[in-house]
Each structure stands twice: as structure tokens, then as C-alpha cells.
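Structure first, then comments.
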């Protein structure tokens, strides 16, 4: 099996951008800043366990998790595996342009 190189990764990111991932549209349509006040008041156990992450990131993960009905473990694997999820969440690796938050 051929190894994925940097050029291939950039090509895939460009294809996702051209095709128009639904999550990118969601980022443009829904102003998640509007939820900051609610998120700050949230006292849910899950939010307290993930203090090192921004509340907005946690909200986006919950959105994806509920859209796809993923368990927490499967969600973690999918975030690491899917470029579209990483872009929606604003998580990037070298060469990936994060989507606007």
C-alpha cells in the first residue's frame, strides 16, 4: 500500500473544499459564539472532565457525535481519521487549513 504524502493530503483537503463539506456550511451558517454564555453556565459532568478543551470545541464534537450516533470512543477515532471532522473542529496538522470558527 502506498504511503500518503504531503501532496496527497493537500489534494484531499482541496477536494473536500471544492465538494463543499456540510460541516463547512454549518460553520458559516451557525454562529457558535451565540452559545458561549450557555456553555459557560453548563455544569454537565462531561464538560467538567474536558477542561483543557474550549467549550465551543466540545459543542462541535457533541454535534458530530449526535449527527452520527457515535459512542465517545468511536467519536475519538473518527476525529483522528476524518479530514472533514478535523476541519470542522478547527483541528489541524501540518498543511491543513483550519476552517473559520
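Throughout, read-outs are computed from the coordinates displayed, never taken from laboratory work. Bear in mind the structure is a predicted one, so any value in this text is a computation, not a measurement. Backbone-built Cβ (ideal geometry, glycine too); neighbour counts: all protein chains shown.
For this structure, a couple of remarks:
- Put in line by how crowded their Cβ is, counting other Cβ atoms within 10 Å and starting with the fewest, 84, 71 read 71, 84.
- Sequence of 30, 13, 61 once ranked by neighbouring C-beta atoms within 10 Å, starting from the fewest: 30, 13, 61
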